[in-house]
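Novice: The structure follows.
Coordinate-derived values only; no laboratory data. None of these values were measured; they are calculated from a predicted model. Cβ: placed from backbone, ideal geometry, glycine included. Neighbour counts: every protein chain shown.
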Amino acid sequence: MATVAVFGSAGAVGLEIARTMVLQPDVTRLVLVDIAEDKMRNEANDCAMLAEKMRLEAVEVVPVVTDLTRDGAIAEVLARYQPDVTVQAAIPISWYTLANSVPKDIWKRVNYEARLGPFLPLLLSFPIRFMEGWRDAGAPGKVIQLSFPDIVNPVLAGMDLAPACGSGNTENLCSTLRMMVADRLGAPTREIDIKLIAHHFHSWFQRSPAEMPELQQNMFHFQAFCRSHEVTAEMLGDPSFLQDLRKRYPYQRPRFAATSVVKNTLRMLRNDGLVTHVASPACMGGGLDARYVNGGWQPVLPQGVTLDDVEAIFARARHADGVESIGTDGTVTFTDRGNGAMAELLGFDCKVLKPEEVHARAEELLHCIKTLRAAA
Ligand SMILES: NC(=O)c1ccc[n+]([C@@H]2O[C@H](COP(=O)([O-])OP(=O)(O)OC[C@H]3O[C@@H](n4cnc5c(N)ncnc54)[C@H](O)[C@@H]3O)[C@@H](O)[C@H]2O)c1
């Protein structure tokens, strides 16, 4: 018997989470929270219908309409339903809306030159509110926070607001690699073991205009095994392998961030210690293998790899994503290139982001985007 709550459940990712989560026998109550009442109530009804057709066990689907920006709203929901796992997937404006709301030529340059890092205020504002609400409710259960987890979750940890993990991004990269190796060897995916240490940048890169040398300078850690026999050299030795990865990586497919969430939720509810690739386990700055034991994610490193090696991979990738550093108190400094592009193209100049400035900076960035949109 477990309660799972999904905040932002009427959104592109949230509704996919809800539809998959409702089919899991471990979940006996699903609380769906959003401000978009009609959409969310439709979604809750769809989930109940799905369960009615597909499940043997009973499940309760509870729609909750609330505005997360209202003081006390988040804590009220969490205190009432006491979820075992809560998913934070609410955001004031989605990436897909952003990409379509700015003139195409400018968006192309922003996405390529600034990267995702300098958009941090918009991606961090709701997660801060959410984790504060969770703390105010007495910290019930565990939180999966999936807004840009490789950067947002370490910042939250610096503010003493740590969620359990993220989801998505590098988890999709790991799945794609496993399927590619399986196909090339003609083996079932279950017989392929992938050791991946990677960052959001490595996921973004796959469908970006960035050139291969940039990946090679900031490479992820990758090892592949088929029935315990290492095949990494065979895979990487073929120049078409990384090219094919770019073609196969799922682009703008919210379903796979969602299925990552459900996978991680099941590991957490079952507390079974099975190893899986997780985005930002225990607020680490990227994705790697981890197991959930004693109420927390613990990293599982490949043989011969140290935590310093892991951090070096994350630090290079973070920089390529537009973030120079994350201070221990959660202060973020952006790269000159990233901030320069934001200042030139969007009129938003923020070289350093302090935790206490996040909400105001998020408003300012949203205003810059709307101004550009109105002028287009
Ligand atoms: N980790 C990954 O792989 C990955 C991939 C895609 C998206 N994401 C993240 O998932 C999150 C959701 O993205 P999306 O594309 O589904 O966005 P979306 O805009 O489609 O959904 C966001 C939802 O939040 C709700 N919301 C907005 N303001 C609210 C408020 N004040 N109170 C209550 N609810 C409110 C909206 O109504 C909407 O249903 C984002 O943080 C995004 O960065 C992560």
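Novice: How much of the DSSP beta bridge set in the chain is antiparallel, as a percent to the nearest 5? It would help to have the intermediate numbers written out before the result.
Specialist: Details: 22 of 42 bridges.
In the chain, DSSP labels about 50 percent of beta bridges as antiparallel.
Novice: Please report 116, 32 as a ranked list, fewest other C-beta atoms within 10 angstrom at the top and most at the bottom. Present the calculation step by step, with values, prior to reporting the outcome.
Specialist: Details: 116 19, 32 27.
Arranged by neighbour count, lowest to highest, 116, 32 become 116, 32.
Novice: Cα gyration tensor of segment 185-290, axes a ≥ b ≥ c as square roots of the eigenvalues: rounded (a/c below 1.5), prolate (a/b > b/c) or oblate? Mind showing how you got there, number by number?
Specialist: Numbers: a/c = 1.75, a/b = 1.25, b/c = 1.40.
Since a/c reaches 1.5 but b/c is at least a/b, the shape of segment 185-290 is classed as oblate.
Novice: Please compute, for the alpha-carbon atoms of segment 89-151, the extent along each of the three principal axes and give them in descending order in Å.
Specialist: 47, 19, 15 Å, listed from the longest principal axis down.
Novice: Karplus couplings for segment 34-48 from phi (6.51 cos²θ - 1.76 cosθ + 1.60, θ = phi - 60°), rounded to Hz, Gly and Pro as x?
Specialist: My calculation for segment 34-48 gives 6, 8, 7, 4, 4, 4, 5, 5, 4, 5, 4, 5, 4, 5, 5 Hz in order.
Novice: Where in segment 26-42 is the amide nitrogen less than 19 Å from a point lying 7 Å along the Cα-to-Cβ axis of residue 96?
Specialist: Residues 33-42 fall inside that zone.
Novice: Still on this model: What percent do you get for the relative contact order of the chain when only Cα pairs under 8 Å and 6+ apart count? Don't skip to the answer; put the middle values down first.
Specialist: Details: 712 pairs, mean separation 71.9, N = 376.
Computed value for the chain: 19 percent relative contact order.
Novice: Report relative contact order for segment 73-221 in percent, whole number only (criteria: Cα-Cα under 8 Å, sequence separation at least 6).
Specialist: Numbers: 146 pairs, mean separation 34.7, N = 149.
The value is 23 percent.
Novice: Another question, then. Starting from the Kirkwood radius over alpha-carbon pairs of the chain, derive D by Stokes-Einstein at 20 °C in a medium of 1.002 mPa s and give it in µm² s⁻¹. Walk me through the numbers on the way to the answer.
Specialist: On the way: Rh = 21.2 Å.
The estimated diffusion coefficient comes to 101 µm²/s.
Novice: Using amide H atoms built in the peptide plane, which far-off residues or other-chain residues are under 5 Å from residue 61 H to H?
Specialist: 30
Novice: If you take every residue apart from residue 83 with its C-beta less than 12 Å away from the C-beta of residue 83, what net charge results, scoring Lys and Arg +1 and Asp and Glu -1?
Specialist: Charge balance near residue 83 sits at +2.
Novice: Another question, then. Through the Karplus equation 6.51 cos²θ - 1.76 cosθ + 1.60, θ set to phi - 60°, convert the phi angles of segment 76-81 into ³J(HN,Hα) values in whole Hz; use x for Gly and Pro.
Specialist: After applying 6.51 cos²θ - 1.76 cosθ + 1.60, I find 4, 5, 5, 5, 6, 9 Hz.
Novice: Short version: ³J(HN,Hα) in whole Hz for each residue of segment 128-133, in order, from phi by Karplus 6.51 cos²θ - 1.76 cosθ + 1.60 (θ = phi - 60°), x for Gly and Pro, what are they?
Specialist: With coefficients 6.51, -1.76 and 1.60, one gets 5, 4, 5, 5, 5, x Hz.
Novice: Can you put 319, 367 in order of Cβ neighbours within 10 angstrom, beginning with the fewest? Working shown, then result.
Specialist: Values: 319 19, 367 12.
In increasing order of surrounding Cβ atoms, one gets 367, 319.
Novice: Find how many whole Å separate the alpha carbon centroid of segment 124-192 from the alpha carbon centroid of segment 279-336.
Specialist: Each part reduced to its Cα centre gives a spacing of 12 Å.
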